[in-house]
Amino acid sequence: MHFETDRTNSARKDRVVLTVFAIMILPTALWVTGESLRAADENPKATTEKTDTTKDAGEKATTAAANPDEKKEPREETPYPQLIEATPAAGSTDVDPKLTEIRVTFDRDMSEGMSWTGGGSEFPGDASQKAKWIDKRTCVLPVMLKKAGYFRVGINSKSHQNFKAADGTATPPTAIFFTTKGASKDLEKRVLIPEVVEISPANDEKDVPASTAELSVTFNMPMGEGMSWTGGGDAFPQTPEGGKAKWSKDGRTCTLPVTLEPDHEYKLGLNSLSHNNFQSKWGVPLKPMIYTFRTAK
């Protein structure tokens, strides 16, 4: 079973996506090139998905480290293409506003399509130029930046996945987010990766009362309205009829109503490689984490 909601983040309502080989004329376009442009909302109206086949909880995200100087973990072999380098790196600050392109490199040969997603003032694309592949693994997006700004661009999304390997396998959605020189401290906080500061029942807790009616997770910053509680099978807790996950008014705590069984091991995830809707107010995703606990007899 898998529970996920996608909702429009108020700070990111106007979104566009550049895709190749799909044509649609927009009344107003934030970024128009010779390639086709489609309107996109990575977080459409609130929806709930449940499936017995989702087993991706805890997979590693492909977003570059928030600290460009942070030591990178060894890269694992995967059936899907991985983003192995981005310029600027996700989470960068003090980026030169004179930078003219964003460059991404994948770990294998790619097809000719692309999906640069985003919109509004945060999307840095230069409308006067086209994005292009400079070789089979590296794609560049011409940009027009400004001083003291915050920018975010997505690589694929749930509904737009034209960044694909030569065999047609899409790269999982990820994002590049950064600030330029002169940005205030408050603006620089937007690139921080959200962290879980409290979770109930506690992670790895034993003897949790089977009467527990909800799971809750609290973050260290205001979050967007989306969420991804992931998992599958008997390890994922049942949701009572009519029960819906919801956010607190301050946007920091998310609760999931559950029906638990006694003497049962539960395992679920917060975000995964393909489901990453736990994001900060500014669109920075939580790194996927595994959450486990066991109920009392």
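Would you list the strands (runs of 3 or more DSSP E) that sit entirely within the stretch 77-135 and hold 1 or more residues that are of a type in the set (A, V, I, L, M, F, W, C) and more than 18 Å from the chain's Cα centre (by Cα)?
Where strands (runs of 3 or more DSSP E) fall fully within the stretch 77-135 and carry at least 1 residues being of a type in the set (A, V, I, L, M, F, W, C) and more than 18 Å from the chain's Cα centre (by Cα), they are 92-95, 101-106.
Looking at the stretch 160-174, can you tell me whether even one residue there is touching a Lys or Arg at 6+ places or on another chain (Cβ under 6 Å) and more than 19 Å from S274 (Cα to Cα)?
No: zero hits.
List, please: which pairs have Cβ atoms under 6 Å, are six or more places apart or on different chains, and start with a residue in the stretch 264-290 that is farther than 16 Å from S216 by Cβ and in contact (Cβ under 8 Å) with a residue 24 or more places away in the chain and end with one that is in a strand (DSSP E or B) and among the charged types (D, E, K, R)?
E265/R294; H275/E4; G283/R152
Taking G269, is it modelled with pLDDT of 95 or more, of a type in the set (G, A, S), within 17 Å of A175 (Cβ to Cβ) and crowded, with 22+ Cβ neighbours inside 10 Å?
no
Would you check if there is a residue in the stretch 193-204 being touching a Gly at 6+ places or on another chain (Cβ under 8 Å) and modelled with pLDDT of 95 or more?
Checked against the condition, which is being touching a Gly at 6+ places or on another chain (Cβ under 8 Å) and modelled with pLDDT of 95 or more, the stretch 193-204 yields at least one hit.
Would you say R294 is in a helix (DSSP H, G or I), of a type in the set (K, R) and modelled with pLDDT of 95 or more?
For R294, the condition - in a helix (DSSP H, G or I), of a type in the set (K, R) and modelled with pLDDT of 95 or more - is not met.
Within the stretch 134-157, take every residue that is in contact (Cβ under 8 Å) with a residue 60 or more places away in the chain and touching a helix residue (DSSP H, G or I) at 6+ places or on another chain (Cβ under 7 Å) and give me the one that is nearest to G182 (Cα to Cα).
Y150
Test of understanding: among P209, P240, P262, P288, which residue is in contact with a Gly (Cβ under 6 Å, 6 or more places away or on another chain) and at negative phi?
Only one candidate qualifies: P288.
If F151 satisfies every condition in (1) closer than 30 Å to K98 by Cα; (2) of a type outside the set (S, T, Y); (3) assigned to a loop (DSSP other than H, G, I, E, B) but one, which is the exception?
Tallying (1) closer than 30 Å to K98 by Cα; (2) of a type outside the set (S, T, Y); (3) assigned to a loop (DSSP other than H, G, I, E, B), F151 fails exactly one: (3).
Output the residues belonging to the stretch 83-99 that are of a type in the set (V, I, T) and under 24 Å from K185 (Cα atoms).
Selection gives T87, T93, V95.
Within the stretch 212-221, identify whether any single residue is under 14 Å from I290 (Cβ atoms) and surrounded by 16 or more Cβ atoms within 10 Å (Cβ to Cβ), and answer yes or no.
yes
Taking T100 as the residue in question, decide whether it is touching a strand residue (DSSP E or B) at 6+ places or on another chain (Cβ under 8 Å), surrounded by fewer than 19 Cβ atoms within 10 Å (Cβ to Cβ) and at pLDDT 95 or above.
yes
Residue by residue through the stretch 206-224, note down the ones that are assigned to a loop (DSSP other than H, G, I, E, B), within 15 Å of H264 (Cβ to Cβ) and in contact with a strand residue (DSSP E or B) (Cβ under 6 Å, 6 or more places away or on another chain).
A210 - this is the single residue of the stretch 206-224 that is assigned to a loop (DSSP other than H, G, I, E, B), within 15 Å of H264 (Cβ to Cβ) and in contact with a strand residue (DSSP E or B) (Cβ under 6 Å, 6 or more places away or on another chain).
Given the conditions (1) out of contact with any Lys or Arg (no Cβ under 6 Å at 6 or more places or on another chain); (2) at pLDDT 95 or above; (3) among the β-branched types (V, I, T), report the number of the one that T218 does not fulfil.
(1)
Just one of the numbered conditions (1) in a strand (DSSP E or B); (2) more than 21 Å from the chain's Cα centre (by Cα) is not true of L141; which one?
(2)
For the stretch 179-198, does any single residue satisfy the condition of being in contact with a helix residue (DSSP H, G or I) (Cβ under 6 Å, 6 or more places away or on another chain), part of a strand (DSSP E or B) and in contact (Cβ under 8 Å) with a residue 40 or more places away in the chain?
yes
Within the stretch 225-248, track down each residue that is touching a residue at least 60 places away in the same chain (Cβ under 8 Å), surrounded by 13 or more Cβ atoms within 10 Å (Cβ to Cβ) and closer than 22 Å to H264 by Cβ.
W229, T230, G231, G232, F236, Q238, T239, A245
The values are calculated or read from the model by the stated rules, or taken from the named source; none is laboratory data. Fair warning: this is a prediction, and the values are worked out from it, not measured in the lab. Don't worry about glycine lacking a Cβ; one is built from the backbone with ideal geometry, like all the others, and counts go over all protein chains shown.
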